[in-house]
1. Given contacts defined as C-alpha pairs under 8 Å and at least six residues apart, what's the relative contact order of the chain, whole-number percent?
2. Could you order peptides 100-112, 203-215 by the average number of other Cβ atoms within 10 Å of their residues, highest first?
3. Mind ranking 331-341, 370-380 by how tightly packed they are, going by the mean number of other C-beta atoms within 10 angstrom, highest first?
4. Averaged over every viewing direction, what's the projected area of the C-alpha convex hull for region 370-410? Give it in nm², one decimal, please.
5. Which whole number of Å³ per residue matches the convex hull of the alpha-carbon atoms in region 355-488?
6. Quick one: check the C-alpha center-to-center distance for region 74-99 versus region 254-287, whole angstrom.
7. Relative to the present Cα-Cα distance, how much length would full extension add between Asn226 and Leu382 at 0.36 nm per residue of separation?
8. Sort out for me the Cα centre separation of region 328-365 from region 169-232, rounded to whole Å.
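Computed from the coordinates by the stated procedures, all read-outs in this text should not be read as laboratory data. Note that the coordinates shown come from a computational prediction; the quantities given were computed from them, not determined experimentally. Every residue, glycine as well, gets a Cβ built from its backbone with ideal geometry; the counts of neighbours run over all protein chains shown.
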Amino acid sequence: MSLLATKPLSRIIAESEGGAHSLKRTLGPMSLVALGIGAIIGAGLFSLTGIAAAENAGPAIALSFLIAAIGCAFAGLCYSEFSTMIPIAGSAYTYAYATMGEFLAWVIGWDLVLEYAVGAATVSISWSAYVVSLLHDWGINLPPYLVASPWQPVQLPNGELVHGLVNLPAVFIICVISILLMIGIRESASVNAVVVVIKVAVVLVFIGVGIWFVKGSNYVPFIPENTGRFGEFGWSGVLRAAGVIFFAYIGFDAVSTAAQEAQEPQKNMPIGIIGSLIVCTILYVAFAVVLTGLANYKEFKGMAAPVAVAIAYTPYLWLQPLIKLAIIAGFTSVILVMLLGQSRVFFSMSRDGLLPAIFSDIHPKFRTPWRSNILFMVFVSLFSAFAPISVVGHMTSIGTLLAFVIVCAGILVMRRTQPDAPRPFRTPWVPVVPVLGILVNFAMMYGLGWENWARLVGWLIIGLCIYFSYSRHHSRLHRSHAAPNVRS
């Protein structure tokens with residue numbers, strides 16, 4: 001069988017309906033929008049914004065958010081078309097299987113581990129930093145060697161930098177969220193909806209209060225002069241920062257992983273994807289402007305909790321613990337959606353035979369892929385415990401961008417190969433929108449630098465070894481093609 005053999009749409013839909021491997025459709029349009037906002041507003045906003053401003057763009061981080069939003073808009077329109085044509089768990093993996101064949105489907109499915117699993121680890125590290133900061137405000141100081149990885153120094157209240165051994169708070173939250181996801185999607189969505197209301201309220205309070213204490217001098221220069229190296233300030237820094245904080249936008253495509261659990265997906269999926277993207281883009285740009293106006297961007301260097309630095313420049317210090325508490329709750333919802341998305345992608349890959357059956361084993365009572373949740377609880381916990389946030393954050397960004405490039409390309413392929421297939425939502429201005437999506441997202445991938453490209457290539461090589469040693473031989477599509485030849 002050719003590596004480019006595709007899986008027919010009719011077969012994808014038929015295999016998803018009924019049986020022991022079916023998921024429960026319980027999510028309405030507002031739940032999907034909340035799911036997207038729950039994933040979008042998180043580490044990218046509250047943590048990576050400060051890091052990208054300090055290392056790459058300065059106050060021009062607001063422009064980086066706009067560039068990233070443009071790339072997201074193109075990809076979001078493409079995701080919306082696919083999610084209504086193929087309302088199945090698996091997101092970009094399933095779309096690639098239907099358009100570009102099993103091999104590229106495997107590549108994107110493996111790549112999505114960087115987006116969802118490693119993304120959850122990134123957020124858990126930020127969650128841990130804010131928990132440590134909040135507990136310090138309350139007079140509780142956790143041992144520094146238990147709250148950070150060996151490769152990420154921790155700044156003590158006295159200014160001393162020390163290295164940790166393991167990040168236990170990050171491991172704790174991964175385990176708690178994984179257990180919640182095992183219990184059920186309805187319960188998980190309800191918890192997420194409450195947290196999203198709190199999180200959006202916090203962002204609005206920060207913007208509304210902070211704007212009165214912005215110092216114009218902090219915006220000068222708005223685009224700091226380039227240091228002579230690509231990506232360190234100047235316009236190249238704005239581009240690299242867009243690639244770094246692109247991680248902040250991955251929530252809208254996480255919505256597509258829940259398509260098989262959505263009510264009326266043909267109608268509600270575009271609402272969830274595009275609606276959450278619009279709301280969050282507006283909040284992001286306003287947040288970045290206020291953050292870099294309250295404190296000089298240089299003060300955010302190496303800080304996983306930049307909001308705490310900015311709030312210190314207002315007289316409302318009593319807001320600090322409240323905002324930190326809400327941010328912690330917000331991070332929790334991001335982790336929930338990322339782990340949800342990861343388990344659903346591997347659920348689809350397992351159902352296709354590309355991964356062991358354990359990843360599509362549904363709990364008889366809760367109707368969730370509980371064994372997959374357990375395995376990812378262990379895997380993600382290891383990253384959370386030992387990886388520095390800058391490394392896992394960049395890995396997540398480049399993995400996400402690759403997924404977006406492939407989805408945009410998939411629209412071009414599907415319009416040519418299956419022009420008459422039903423499309424409840426159609427991406428406008430094809431081929432302009434998908435082509436621009438490919439170009440903008442690839443440009444941001446380029447801006448992330450060769451180190452992150454090397455990590456991506458290394459990760460994909462590992463995935464290819466697994467594909468050719470296991471997945472190709474167990475593929476249900478491969479077996480269905482081989483069966484007639486065996487009988488003859």
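1. For the chain, the relative contact order is 33 percent.
2. 100-112, 203-215
3. Per-residue mean Cβ counts within 10 Å order the peptides as 331-341, 370-380.
4. Taking the Cα atoms of region 370-410, their convex hull projects to 3.8 nm² on average.
5. 201 Å³
6. If we compute the Cα centre of each part, the gap is 13 Å.
7. 52.5 nm
8. So the two Cα centres are separated by 23 Å.
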